[in-house]
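Since every read-out is calculated from the coordinates, none of them should be taken as a lab result. What you see is a predicted model; the values in this text were computed from it and never measured. Here Cβ is always computed from backbone atoms with ideal geometry, including for glycine, and neighbour counts include all displayed protein chains.
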Amino acid sequence: MADLVRRAESAGAGIGAFNVIQLEHAEGIVAGAERARRPVVLQLSENTVDYHGALAPLARACLAVADTASVDVVVHLDHVTRTDLVAQALDLGLPSLMYDASALTHDDNVAATRSVVERAHAAGVWVEAELGEVGGKDGVHAAGVRTRPDEAASYVAETGVDALAVAVGSSHAMLTRDAVLDDGLIAEIAAAVPVPLVLHGSSGVPDDGLCRAVSHGMRKINVATQLNKVMAAAVRRALADPDLVDPRRYLGPGRDAVADEVARLLTLLAPTSY
């Protein structure tokens, strides 16, 4: 991840980071990245781990998909709140994770995050954290508390994180693409902290908003709901045939739709390869 970030910063590009729920997601995301000739991040959220009942099977599958790709692929554990999952990620060899201690008080958040950073760095693993409140978890789209540049700088210094997700107007799980980001705040935070910024809730941001965010300093762009939307639409079209029962006949079109959208978004975020 550190190498991808350095390359993206040099190119003024955004790194596309896409959430994986099932194997077809991972295959479609990498196919889209190969078509666009751009690196990509495969993300596994704690919610997805809970859905499958364990981290190892899907994580190992994603690592295998990444290993055989013709572009650089990083497998990342996203929004993990439990230290047992952090330990599992390190044991499995995942190179990157996002630790979310936002439910704790500020002091406890700093202490817990610093502890995870020390443990992860000892294993050579890149750590992202979040400061501020990006709305939309559990279906809630209330505006969150925006990240303050001075607090972001202090948080990074105190925890030693490698990247920071910030609250600048986006919201998780949006089905519409009409979120308005605070470009000025993005630029202020980018100038205040020495680590790359991460945009969560990017599915709700229109294309021009994503481009502006990257130009103002956002580096890693997380996308989940947008891929689920295009996959679901393709599956619904396929299942219009009442005699269709083979999952490959409807999940295959869903996977292809994911590949198309990933290729489009990666090219949008990085007009030239890096």
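Values computed for the structure shown
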{"quantity": "The chain: calculated mean residue ellipticity at 222 nm from DSSP helix runs of at least 4, using -39500 (n - 2.57)", "calculated": "-16000 deg cm²/dmol"}
{"quantity": "Quarter of the Cα convex hull surface for the chain, i.e. its orientation-mean projected area (nm²)", "calculated": "13.6"}
{"quantity": "Of Thr113, Thr147, Thr83, the one that fluctuates the most in a GNM where the chain has Cα springs shorter than 10 Å", "calculated": "Thr83"}
{"quantity": "Cα-centred dipole magnitude for the chain, charges only on beta-carbon of K, R (+1) and D, E (-1), debye, nearest 20", "calculated": "660"}
